[in-house]
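Structure record follows, encoded as structure tokens.
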Amino acid sequence: MKKNVFFAIMLLMLVSLLSGCADSVSFNDAANVAPVGFWYGVWHGMICPLSFIISLFNDDVAIYAIYNNGAWYDLGFLLGVGILSRGTKTTAREKR
């Protein structure tokens, strides 16, 4: 139990620290930006919970890059979100 709490706290600290590296592109500039791919999708999926909370208070923040390259970005985004949900799956198994 303590190991899972420690892991969750360390993961939250890491995501908070690295989310400072997030970029911002306006809707007007998105058409001129090079599309992002798989690895950006993974990253955006991993910081999705934090991005969502920030987007509630700031209209300039979104959880999904509109200037992506399609299916590869989507796959990376889903994998990134899945990386974070692993801890809840493990916890559910331990309670059975």
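The values are calculated or read from the model by the stated rules, or taken from the named source; none is laboratory data. The shown structure was predicted, so the numbers you read here are calculated from the model rather than taken from an experiment. Cβ atoms come from the backbone with ideal geometry, glycine included; neighbour counts cover every protein chain shown.
Structure notes:
- With respect to being farther than 19 Å from Ser16 by Cβ and of a type in the set (A, V, I, L, M), Ala31 fits the description.
- Taken as a whole, region 37-58 holds no residue that is in contact with a Pro (Cβ under 8 Å, 6 or more places away or on another chain) and part of a loop (DSSP other than H, G, I, E, B).
- Of the residues making up region 1-35, those that are under 28 Å from Asn69 (Cα atoms), outside any helix (DSSP H, G or I) and either at pLDDT 75 or above or aliphatic (A, V, I, L, M) (or both) number 7.
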